[in-house]
Amino acid sequence: MAGVSASARGSSAASPAPGAAFIFKKALISALVALVLFSLMIGVRTEAGSDGQLTYMTRFGDLAAMVATVFGGSIVVELLRQWWGPVGTIRIVPPSVQSGLALARRGIAPVLLVFTFLVPVIFYNERYILDLGILVLTYVMLGWGLNVVVGLAGLLDLGYVAFYAVGAYSYALLATNFGFSFWICLPLAGILAAFCGVLLGFPVLRLRGDYLAIVTLAFGEIIRLVIINWQSLTGGPNGVTGIPRPSFFGIPLTPGDDGLAARLGIEFSTTHRIVFLFYLILALALLTNWVTIRLRRLPIGRAWEALREDEVACRALGINTTTTKLTAFATGAMFGGLAGAFFATRQGFISPESFTFHESALVLAIVVLGGMGSQLGVALAALVMIGGFELFRGLEQFRMLVFGLAMVLLMIWRPRGLIGHRAPTVFLHHSQAISSDLVKEGHG
Amino acid sequence: MDYFAQQLINGLVLGSIYGLIAIGYTMVYGIVGMINFAHGDIFMIGGFIALISFLILVSFGLTFVPVILLIVLLVAMLITALYGWTVERIAYRPLRHSFRLAPMLSAIGMSFVLTNYSQIAQGARVKPVPPIITGGYTLHEGVDGFVVRLSNVQIIVVITTIVLLALFTWLVARTRLGRDMRACEQDQTMASLLGVDVDRTISMTFVIGAALAAVAGMMYLLYYGQVDFFMGFVAGIKAFTAAVLGGIGSLPGAMLGGLLIGLIETLWSAYFSVEYKDVAAFSILIVVLIFMPTGLLGRPEVEKV
Amino acid sequence: MKTDCILNVDHLSMRFGGIVAVNDLTFGAERRKITALIGPNGAGKTTVFNCITGFYKPSGGSLKITHDNGRQIQLERLNDFRISKQARVARTFQNIRLFPGMTALENLMVAQHNALMLASGLTFLGLIGAPSWRSAEKRAIDLSKLWLERIGLLERADDAAGNLPYGDQRRLEIARAMCTEPALLCLDEPAAGLNARESAALSELLLRIRAEQDTSILLIEHDMSVVMEISDQVVVMDYGVKISEGTPQQIRDDPKVIAAYLGADEEEAIAVMESEA
C-alpha cells in the first residue's frame, strides 16, 4: 500500500474545496428530506384510545428536533468528509509504522488467547463480565462454524440458526426425556446438526448465489416454525425447561456431598459453574478453530477455497463439487449444533424465540465483518458486535436501531471486513498474505 | 366446491399483495443484483403512513371514501418512495461496486433500523382501524348455506394490482426510464458510456419499488384492518420467496410467484392446518427450486466456459 | 483404425435450440502427439472442447478415450468432474480460470485433490496428522515444485495467482492441468494474448510435455505460428463441420482452409494461391 503514491489525495486537493454555501445547501436538502420522511412517522403518534378506537396526537417538537439534528449532522458529516478527503484515498503509511502494525497483528492472537484464559481469574467476582464472556465466546464459535460455509466454501447460508436450534433441542430433548448426560449429548447434537446440514444441502446445493441464500433462509424459518408448532415434542412457544446443567465429567457442580466442591474440599459457590461454563465454551470454540485450521491445510479445505474461487475450474480438475459443498455445509452445521447444545445447557431453558432470523443475520454479520475466512477477524468481530451490543443495553429500545446503523456503517467502512487478508495454506519460501481484492467470495 | 371458490378468491387477493411487494424485490435484484432485505420494512412503513394519513384525513372531517383513499394512496406512495430513495442513498450506494455480501448485510442492518424506528416512533402495539370499505357481493349461495362472497375490499385490491401492473409493464417496456433500467440491468458500465445516468436509474428503481410496496402496505391495511411494526419481516420474506419462486429478475414471475404463495398459504390453511401454512409455502419454494433452479419464469443461467 | 488414437470423436453433433454448433464431426487425436483444432471464430471449436470435457452433453455422436492400458471410456456418458477424475482428461480455459486468491503453489495442490483426498484418508487421517498423509503431502508439494520449475515460476510459488503476469497465468493453468496427471490435455487457445516471447516459451513447454510426459495434447489455437511449429496433426473446422485434416504442411496448402479463413470462394482462394506461386 505504501508503495502507491498519494496522488489521489493530490488531485483532490487541486479541485477547489466546496464552500460553505455548498455545505449549507446540501444540509438544507437533507433536512428537507428528513422533514418529509419524519413528518407522519414522528410528527404524528397513533395510539389506541380507551374505547379501542385509534386516535393520534401531534409531536411537532420532536419532529423539529429530528430535522434540526439531521441538518446539523449533515453539516458535520460534510465537514468531516472534507477534512478526511475523498473516500478511497490512499494514504502513505511509513514503513516503520507498517511493520509495527504487522507485528501487532501477529501478536494480537496470542495476547487475546492468554487474556481470554485469564478472564475468569481476573473477573472472578464479576458475574456480569463472565456471562458476557460466555456470550461472546458462543458467538465466536458460531462465527467460526459459519465461516467454514461462507468464508471458506463461499456458500451463502442465511439459515445457520437452524443448526444451532437443532443442536440445542437435541440436547434439551435427549436430556429431559431420556436423562442422557451432556457429554453423551454433545457429540450427538453435533452429528444430528451435521445430518440436518446434509439433508438440506443434498437437494439444494446445486442452486447458486441468491437462490441458495433464500432456500437456507426458508429452511431456517421452517425449522423454527416446526419447533413452534410441534407442541407435543418441543413444547411449542413455551420451550423446554429444566434442561440439566453440565457435570464436570460426571461430577455434578452442586452444593451436595457428591458435588465437585465437596469432593475437592472447597466451599461451594455458584461462580464455579459459571467459570466451568466459560472454559467449556472456550474449549469448544478452540476445538472449532483448531479443526478449521487443520482442515484448511487438508485437501478438503483447499477444495472449499478453490470452490469459492472458481467452481467451473474445480470441476475441470476432477473435484466433486457436490460432495465438497456438502462437507462444508455439514462441518459448519456440526459446529453450530455443538454451540447449540452448549447454549441449551447454559440457559437451562430454550424456546423458539432464541432461534430467529436475527441470530442468523448476526452470525453472518460477524463472519463478514471479520473478513471472510479469517479466524482472528471473526473472533474480533464477535467481540466488537456482541460487546458493542451490550454497551447499548441501557438504551433498551434503541438497541436494534443502533445495532442496525452500526452494521450499515461498518459495512461501508470495511466492506471486506476487519482482517482483509487471506493467509496461504502452504508455502515454499515464505508465507505472504494475499490481498482480499484478489480473493473471490464465491457465488454459491 | 363453494368453499374452494371462496378460498381461491381469498388466496388471489393475498397473492396480489405479495406480488406487489415481490415486484420491488425483483426489480432491485434485476438491476443491482442484491437482495434488498429492507424492502419488507419499506412495505411496513407504507402501511403505517397509510394508516396515519387516513386517521388525519378522517379527523379533518373528510367522509367521501374514494377521495380519502386516493389521497391516502398518493401520500403513502410519495413518502414511502422517499424512504426507498433514502435507504438506497445511505446504505447501498456507497457499496455499489463492493463485494456481494457487503450490501446484503448493509440491507439487513437497514431492515433492523427501520423495524426499530417504527417501533420507537409508533409503539409496539398492533394498530387496528375500523373497516374502511364495507360491503360486497354474494356470488353464490350453496344449498348448505355456505356463501361465496367477494367483498369490495377484495375487488379494490385486485383492481389496483392489475392497474399498477399494467402501468408498470408499460413503464418498463415503453418509456425512456424503462429502457434505461433494462440497459443498466444488462451492463452498467456500457449503459453509462452510452449516456444513461446509472445512479439516477438505480435510484428510480428503488423509488418505484418502494411506491409499489406502499400500495401493498395500504392494501394490507384495508384488507386486514391493522398494521404493526413487525409485519414487514414476515411479509418481506414471503414476498421475496414469491420473487424467487417466479424467477427473480422477472416481473411477470414476481406476480405469478406472489399469487402462488398467496394461494398455497390460503388453501393450506383452509384444508390442512393454519399453523403450518408458512412451512408449506417455504417447502414448495424449496421443491420448485430443486426442479427449476432459476424459478418458474427465470432465465436459465448459462454458464460460459 | 490404423493410427493409435487416444481420443476418437465420432459423428459428434451439438445443437443449441435451432442452432447447429457442431455437425457430424469425426476426427481422432493421436497418442502422445499434439493435435490442433483450428478454424475461424464461431467455427464450433470451443463447443467441441466443452463436449469432450463434459460441460455440454453432445446432441449426438460419441467421444471415446482409449487409455494406454487399453481401457476405453465413452466421455459422453460421464458428467463434469468424472471426466477429469476417471477419464483423465484435463483442460484449460480460453479466459484463464485460475484460483486468483490462492497462491501458485496452492493452485497446483488443488489440482492433486483426488489423489490427496485418498492419501488423507478422506480427511480423517490428515486431521490427526498421520505419517502416511504427511509423506503424501510432501510428494504433492514436490510434484508442484517440479511443475513450477518447468514453467519458470518456482520463485513466485507463494504469490497469489491473480497477481501473476498474464503469460505466467497461462502457463500456470497448464501446469495445474498437468498436475492432475492427465492422459489427454485439452488447451483452449493457450497462446491468446501472449507476446512473441511468451508464445515461444509456451511452444517449448508443450513440446516438452509431449517429449517427457505420457500426455497427448489437443489444442485450439488461432496463433498459426504456434500451430505450425508444434502440431503433429491439424483439424480444421468451419461452421461446425470438419473441412480439412492433415499435417501442418498439408493444411497450409489446402485451398478450402484458405477460403475459410479469407472468407472467399474456393475458386478465388485457388486463384490467390496460384497468383502467389
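Things to note:
- Contacts under 9 angstrom Cβ, first residue in the stretch A:26-53 being within 16 Å of B:LEU114 (Cα to Cα), partner of a type in the set (Ser, Thr, Tyr) and in a loop (DSSP other than H, G, I, E, B), 6 or more apart: none
Listed here are the residues, each with its yes/no results for (1) β-branched (Val, Ile, Thr); (2) assigned to a strand (DSSP E or B); (3) over 30 Å from C:SER13 (Cα atoms).
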| site | (1), (2), (3) |
| --- | --- |
| C:CYS51 | no, no, no |
| C:GLY54 | no, no, no |
| C:GLY61 | no, yes, no |
| C:ALA90 | no, yes, no |
| C:VAL110 | yes, no, yes |
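Listed here are the residues, each with its yes/no results for (1) surrounded by 11 or more Cβ atoms within 10 Å (Cβ to Cβ); (2) modelled with pLDDT of 90 or more; (3) more than 22 Å from the chain's Cα centre (by Cα).
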{"residue": "B:PHE168", "(1), (2), (3)": "yes, no, no"}
{"residue": "B:ARG176", "(1), (2), (3)": "no, yes, yes"}
{"residue": "B:GLU185", "(1), (2), (3)": "yes, no, no"}
{"residue": "B:VAL198", "(1), (2), (3)": "yes, yes, yes"}
{"residue": "B:ILE202", "(1), (2), (3)": "yes, yes, no"}
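- Residue ID - farthest from the other protein chains (Cβ to nearest Cβ), chosen from residues in the stretch C:79-95 that are farther than 22 Å from C:LEU118 by Cβ and at pLDDT 90 or above: C:THR92
- Some residue of the stretch B:5-25 being within 11 Å of another protein chain (Cβ to nearest Cβ) and surrounded by 18 or more Cβ atoms within 10 Å (Cβ to Cβ): yes
- The residues in the stretch B:117-170 that are within 14 Å of chain A (Cβ to nearest Cβ) and aromatic (Phe, Trp, Tyr) can be counted, and the count is 1.
- No other residue among A:PHE403, A:PHE335, A:PHE329, A:PHE343 is modelled with pLDDT under 90, aromatic (Phe, Trp, Tyr) and either in a helix (DSSP H, G or I) or surrounded by fewer than 23 Cβ atoms within 10 Å (Cβ to Cβ) (or both) apart from A:PHE403.
- Meets criteria (of a type outside the set (Ser, Thr, Tyr), on the phi > 0 side of the Ramachandran plot and either within 14 Å of chain B (Cβ to nearest Cβ) or touching a residue at least 60 places away in the same chain (Cβ under 8 Å) (or both)) for A:GLY145: no
- Some residue of the stretch B:7-29 being farther than 17 Å from B:LEU212 by Cα and modelled with pLDDT under 90: no
- Condition check for A:ASN177: touching an Asp or Glu at 6+ places or on another chain (Cβ under 7 Å), surrounded by fewer than 22 Cβ atoms within 10 Å (Cβ to Cβ) and without any contact (Cβ under 8 Å) to a residue 24 or more places away in the chain: no
- Consider the stretch C:124-154 and keep the residues that are more than 29 Å from C:GLN169 (Cα to Cα) and out of contact with any Phe, Trp or Tyr (no Cβ under 7 Å at 6 or more places or on another chain). The one that is farthest from the other protein chains (Cβ to nearest Cβ) is C:PRO131.
- Restricting the stretch C:14-72 to residues that are within 14 Å of chain B (Cβ to nearest Cβ) and more than 19 Å from C:ARG91 (Cβ to Cβ) leaves a set whose member that is surrounded by the most Cβ atoms within 10 Å (Cβ to Cβ) is C:PHE16.
- Residue within the stretch B:281-301 that is among the basic types (Lys, Arg) and within 10 Å of chain A (Cβ to nearest Cβ) present: no
- B:ILE108 vs. criteria within 30 Å of A:PHE38 (Cα to Cα), assigned to a helix (DSSP H, G or I) and either among the hydroxyl-bearing types (Ser, Thr, Tyr) or within 14 Å of chain A (Cβ to nearest Cβ) (or both): yes
- Checking each residue in the stretch A:276-309 for being at the interface with chain C (Cβ under 10 Å from one of its Cβ atoms) and touching a Phe, Trp or Tyr at 6+ places or on another chain (Cβ under 6 Å) picks out A:ALA306, A:GLU309.
- For C:HIS113: the one exception among (1) within 9 Å of chain A (Cβ to nearest Cβ); (2) more than 20 Å from the chain's Cα centre (by Cα): (2)
- Count - residues of the stretch C:21-49 that are aliphatic (A, V, I, L, M) and touching a Ser or Thr at 6+ places or on another chain (Cβ under 7 Å): 5
- Qualifying residue in the stretch A:341-351 (condition: more than 18 Å from A:GLY239 (Cα to Cα) and in contact (Cβ under 8 Å) with a residue 24 or more places away in the chain): no
- Residue in the stretch B:189-233 that is nearest to the other protein chains (Cβ to nearest Cβ), counting only those that are among the β-branched types (Val, Ile, Thr) and touching a residue at least 60 places away in the same chain (Cβ under 8 Å): B:VAL227
- The listed residue being surrounded by 19 or more Cβ atoms within 10 Å (Cβ to Cβ), touching a residue at least 24 places away in the same chain (Cβ under 8 Å), over 23 Å from A:ILE29 (Cα atoms) and of a type in the set (A, V, I, L, M, F, W, C), out of B:LEU73, B:LEU55: B:LEU55
Okay, residues lined up against (1) crowded, with 20+ Cβ neighbours inside 10 Å; (2) facing chain B (nearest Cβ under 10 Å); (3) under 30 Å from C:ILE141 (Cβ atoms):
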| residue | (1), (2), (3) |
| --- | --- |
| A:LEU362 | yes, yes, no |
| A:ALA365 | yes, yes, no |
| A:GLY371 | yes, no, yes |
| A:MET385 | yes, no, no |
| A:PHE389 | no, no, no |
| A:MET411 | yes, yes, no |
| A:ARG416 | yes, yes, yes |
| A:PRO424 | yes, no, yes |
| A:SER435 | no, no, yes |
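- Candidates A:THR55, A:THR46 - the one that is hydroxyl-bearing (Ser, Thr, Tyr), in contact with a Phe, Trp or Tyr (Cβ under 8 Å, 6 or more places away or on another chain), assigned to a strand (DSSP E or B) and modelled with pLDDT of 70 or more: A:THR46
- Hits in the stretch A:238-283 (condition: under 28 Å from the mean Cα position of the chain (by Cα), aliphatic (A, V, I, L, M) and surrounded by fewer than 14 Cβ atoms within 10 Å (Cβ to Cβ)): A:ALA283
- Scanning the stretch A:406-430 for residues that are assigned to a loop (DSSP other than H, G, I, E, B), touching a helix residue (DSSP H, G or I) at 6+ places or on another chain (Cβ under 8 Å) and under 30 Å from A:ARG81 (Cα atoms) turns up A:ARG414, A:PRO415, A:ARG416, A:GLY417, A:LEU418, A:ILE419.
- Whichever residue in the stretch C:155-213 is β-branched (Val, Ile, Thr) and within 14 Å of chain A (Cβ to nearest Cβ) and, among such residues, is surrounded by the fewest Cβ atoms within 10 Å (Cβ to Cβ): C:ILE174
- Per the listing B:ARG100, B:ARG125, B:ARG89, the residue uniquely under 21 Å from A:VAL33 (Cβ atoms) and of a type in the set (Lys, Arg) is B:ARG89.
- Criterion applied to C:GLU149, C:GLU137 was being buried (at least 18 other Cβ atoms within 10 Å of the Cβ), over 25 Å from C:ASP232 (Cβ atoms) and among the charged types (D, E, K, R), and the one residue passing it is C:GLU137.
The values are calculated or read from the model by the stated rules, or taken from the named source; none is laboratory data. Just so it is clear, the structure is predicted and the values come from calculations on it, not from any experiment. Cβ atoms come from the backbone with ideal geometry, glycine included; neighbour counts cover every protein chain shown.
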